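To start, the structure itself, in C-alpha cells.
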Amino acid sequence: MLVTRVKKTSEGLRRMASTFINPAKVSKTLDPNFSKVLLVGGGLSGLLAAYYLRHFGVVRSHELRLVTDSTFHHYTPLLNAAAFELTEREEVERPILSLANEYSHLDFDRVVSFDLKNNRAVTANNKTFEYDYLVLAGGTTPDFERIQGLSSALADEESGVVSIHDLDSIRRASNLIHRFWSGRVLFYHSGPEANDTFHALNQTLLFDDFLRKKGKGLRNTAQLQYVSASRSILDNAKYSLKVKEQLDQRNICLLYTSDAADDLLCVDLGGRRIIKKK
C-alpha cells in the first residue's frame, strides 16, 4: 500500500505568490534603500520567494538574508520519479550553495524564536537577526499521526506501507516497488487539505507503467486502487473526467470517500487493510 504524504500548507505563502504578480504594489511597501528582508527556509518555497523578491526588484541581493537549517535543497516534485528510478538522486538533492550563491547573506542555522515586536529572530547558535520584513517558508511536514496506526506501519520495514515524502523514503519505496509480484495496491490521497493531488495520482500511474514495462504479465497479477477523500479527482470537473477515463483504460479502480482524512481511516497491519471509521 502506497500512502501519499499529508501536508500542512501556509495560506500566507499563497497570498504572497499572488502579490508577486504585481511588483509595483510590493515595491511601494518595501524601500530598497534600507529594508532588510529575512527569509526563513531554503526549500522550494523559500528559494522561489527569494527569486521573485530579487527578480521583481523588491530587494537587492545584499538586502536579503536567507536562513536555512539544511545545506542541501531537496526538489520534492521529483521524489516520485526517483523512487521509480526515472531520475538520479543528484537531480533531487543539490547543495544550497549551488542554487543560492548569489545571496550575500546566506546562513546555515535554525531559527528557534521570534521577537515580532522588535523585528528580531534568534537562531540555535544564538545569532540575532533583525529585519524590516519577515518571510516564512518552512515547507511542508507529513502528519502521519492523523491516521491511526500509520506511523507504526511506516516504521515497520515489512508492513508493505510507504509514503514517498523525503529522500529516506525513496530507498524504501524503491525496494517495495521492485519486490512486488502480485496483490492489491492502494494509493491513498487524503483530500483537499493535502494540497497535492498529483503526488498520489502520479504514484498510481507510475506504478502502473512500471508493471507494464516489466512484462511477464506482472500487471495482470496486480489490482490497483486509487482512494481519494475528495469528491472528485481534481478541482476542475472537466479534467477530472479525463483522468477518470485514463484510470478506467488502465484498469485502475477509483474509490471515493466523503470524510476528512483524520476521521476516515486506521491502518490494520494484521489484516493488511485500511478501515473506515464509523
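The values are calculated or read from the model by the stated rules, or taken from the named source; none is laboratory data. Just so we're clear, the structure is a prediction, and the values are computed from it rather than from any experiment. Ideal geometry is used to build each Cβ from the backbone, glycine not excepted, and the neighbour counts take in all protein chains shown. We work out accessible area using only protein heavy atoms, side chains counted, and drop any ligands, DNA or RNA first. Shrake-Rupley method; radii C 1.70, N 1.55, O 1.52, S 1.80 Å.
Taking amide hydrogens as placed 1.01 Å from N in the peptide plane, the amide H of Leu224 sits under 5 Å from those of Val185, Cys253, each at least 5 positions away in sequence or on another chain. Averaging the sequence gap over all C-alpha pairs within less than 8 Å and six or more residues apart, then dividing by the number of residues, gives the range 108-190 a relative contact order of 12 percent. Of the trypsin sites (Lys or Arg not before Pro) found in the range 116-166, those that fall in a DSSP loop while having at most 16 other beta-carbon atoms within 10 Å are Lys117, Lys127. Here the simple spin-label model places points 7 Å from the Cα toward Cβ, and for His105 and Arg250 these points are separated by 4.6 nm. Summarising the amide proton neighbourhood of His73: residues at separation of 5 or more, or on other chains, whose placed amide H is nearer than 5 Å comprise Arg94, Ile96. Simple spin-label estimate for Glu88 and Tyr75 gives 1.2 nm between the two label positions (7 Å along the Cα-to-Cβ direction from each Cα). Distances between placed amide hydrogens fall under 5 Å for Arg110 paired with Ala124, Asn125, all partners being 5 or more residues away or on another chain. For the residue pairs Lys213/Lys238; Lys36/Lys117; Lys216/Lys242, alpha carbon separations beyond 26 Å are given by Lys213/Lys238; Lys216/Lys242.
Rolling a 1.4 Å probe across the protein heavy atoms gives the range 87-215 an accessible surface of 54 Å² per residue. For the range 52-59, the Karplus equation 6.51 cos²θ - 1.76 cosθ + 1.60, evaluated at θ = phi - 60°, returns couplings of 5, 4, 7, 4, 8, x, 5, 9 Hz by residue, with Gly and Pro reported as x. Determine, from the Cβ-Cβ distance of Glu145 and Lys238 and an R0 of 35 Å, the FRET efficiency 1/(1 + (r/R0)^6), rounded to the nearest 0.05. The value I calculate is 0.45.
Per-residue 3J(HN,Hα) values for the range 235-249, derived from phi via the Karplus relation 6.51 cos²θ - 1.76 cosθ + 1.60 with θ = phi - 60°, read 5, 7, 4, 4, 6, 4, 5, 5, 5, 4, 4, 4, 5, 5, 4 Hz in sequence order (x marks Gly and Pro).
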